Amino acid sequence: MSEDILWDKAKGELRILGQRHAAVDIQGLCDHLDLMVGTKVAEVIMNQHEFRQGKDDVARVRQKRSGETIQEMLSFFADAETLSGVGVVKVTALDTATGYVDLEISNPCVKRTTGAAKSFLFSYWCGVFTELVGKEFEIDQVTYDENKDLMKCRVIARQVN
């Protein structure tokens, strides 16, 4: 995993899964986006970005880790998200046949269940599951337990009519 997150002090670069990143105050960014365009629009904007990022990351990582199972890939991405500062990510239930996944993030970097913060934490995973499983996933049932400092979400397969 360490080769997938690299800090090059001489270049001033942080690379995560092969892409350059910059450390930002994500709570401040989410709050500002919510204030600028409203929580619904901010949620949609962040959802589109994070969903695409999740899909792109899986496509890129699959080239290097083509023989791995879905479970191994999920463990890899959970570790990458944890190392990037999102919080401690656990996939607590996975049922690809019926199309749902339960996620937990302890000590999450953002703690709101609406707006940009909600999409920042969980839309990435919708993209990951969509790319890994071949069904489109969306966020459902987001909760935050302040006493446990734990965000939970059920990610479900989108029903196609």
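Numbers below:
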read-out: Qualifying position, being at pLDDT 95 or above and of a type in the set (D, E, K, R), among Glu68, Glu104; value: Glu104
read-out: Scan of region 96-112 for residues that are in contact with a strand residue (DSSP E or B) (Cβ under 6 Å, 6 or more places away or on another chain) and either crowded, with 16+ Cβ neighbours inside 10 Å or of a type in the set (Asp, Glu) (or both), ordered by number; value: Gly99, Tyr100, Val101, Asp102, Leu103, Glu104, Ile105, Pro108, Lys111
read-out: Any hit, region 122-138, residues being of a type in the set (Val, Ile, Thr), more than 14 Å from the chain's Cα centre (by Cα), under 20 Å from Phe77 (Cα atoms) and modelled with pLDDT under 95; value: yes
read-out: Selection status of Ala22, within 22 Å of Ser119 (Cα to Cα) and of a type outside the set (D, E, K, R); value: yes
read-out: Helices (runs of 4 or more DSSP H) lying entirely in region 1-84 (those with 3 or more residues that are buried (at least 16 other Cβ atoms within 10 Å of the Cβ) and acidic (Asp, Glu)); value: 39-64
read-out: The listed residue being at pLDDT below 95, over 22 Å from Lys40 (Cβ atoms) and in a strand (DSSP E or B), out of Thr98, Thr92; value: Thr92
read-out: Cβ-Cβ under 8 Å pairs, at least 6 apart or on other chains, region 1-25 side under 23 Å from Gln63 (Cβ atoms) and modelled with pLDDT of 80 or more, far side surrounded by fewer than 10 Cβ atoms within 10 Å (Cβ to Cβ) and small (Gly, Ala, Ser); value: Leu14/Ala22; Leu14/Ala23
read-out: Hey, Glu72 acidic (Asp, Glu) and within 15 Å of Cys126 (Cα to Cα) or not; value: no
read-out: Cβ pairs under 6 Å, 6+ apart, first in region 93-112 and under 23 Å from Lys148 (Cα atoms), second hydroxyl-bearing (Ser, Thr, Tyr) and in a loop (DSSP other than H, G, I, E, B); value: none
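The values are calculated or read from the model by the stated rules, or taken from the named source; none is laboratory data. Bear in mind that the values here come from a model prediction, so they are computed numbers and not experimental data. Because the Cβ atoms are built from the backbone with ideal geometry, glycine has one as well, and the counts that use them run over all protein chains shown.
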